[in-house]
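Undergrad: Quick one: the structure is below, questions incoming.
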Amino acid sequence: MKNFQKKNNFKYFLQSKPILFLFGILIVFFTWKMIGFFDKMQDTIKNKKIIEDKILELGRDKEKLTYDITNLNTNKGIEENIREKFGFVKEGEDMILVVDDKNLLEKKEENSERGFFSFFKKLFKSF
């Protein structure tokens with residue numbers, strides 16, 4: 001009979017209001033921590049995606065640099081690089097210089113100025 005009463009007292013102790021309140025606080029605390037854990041997990045997934053994209057970009061850069069290095073190891077690659085950076089030409093080659101027509105730019109500006117005030121500007125400009 002004493003064993004039954006001890007079990008009964010323990011059962012009443014666990015079902016008492018202060019203990020149930022304590023269990024409720026623990027449940028709220030663990031729930032709050034789990035929500036924080038899921039937020040951190042989402043941040044980690046985003047960071048992982050960013051890092052994977054950066055790794056792919058660095059891989060492409062590595063391939064391009066490797067190609068450039070192998071290209072610079074040839075005479076043709078060295079010649080192209082010097083021509084590109086310094087504008088050198090071979091003997092016998094000619095250079096063409098393209099210059100924009102200034103009169104054409106002035107005509108475009110005159111055509112773009114239309115309206116009430118541009119009329120008065122032109123009128124007073126002629127005096």
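Undergrad: Specify the residue that is farthest from the chain's Cα centre (by Cα); the eligible residues are those in segment 64-76 that are surrounded by 10 or more Cβ atoms within 10 Å (Cβ to Cβ) and of a type in the set (D, E, K, R). Full working, then the answer.
TA: Kept after step one, since they are surrounded by 10 or more Cβ atoms within 10 Å (Cβ to Cβ), are these residues of segment 64-76: 64-72, 74.
Now restrict to residues that are of a type in the set (D, E, K, R): 64, 68.
Numbers: 64: 21, 68: 26 Å.
The extreme case among them is 68.
Undergrad: Also, I was wondering about something else. Within the group 73, 111, 81, which residue is modelled with pLDDT under 75 and of a type outside the set (A, V, I, L, M)?
TA: Details: 73 fails: modelled with pLDDT under 75; 81 fails: modelled with pLDDT under 75.
Result: 111 is the single residue among 73, 111, 81 that is modelled with pLDDT under 75 and of a type outside the set (A, V, I, L, M).
The values are calculated or read from the model by the stated rules, or taken from the named source; none is laboratory data. Nothing here was measured: the structure is a model prediction, and the numbers come from that model. So basically every Cβ, Gly included, is an ideal-geometry build from the backbone, and we count neighbours across all protein chains shown.
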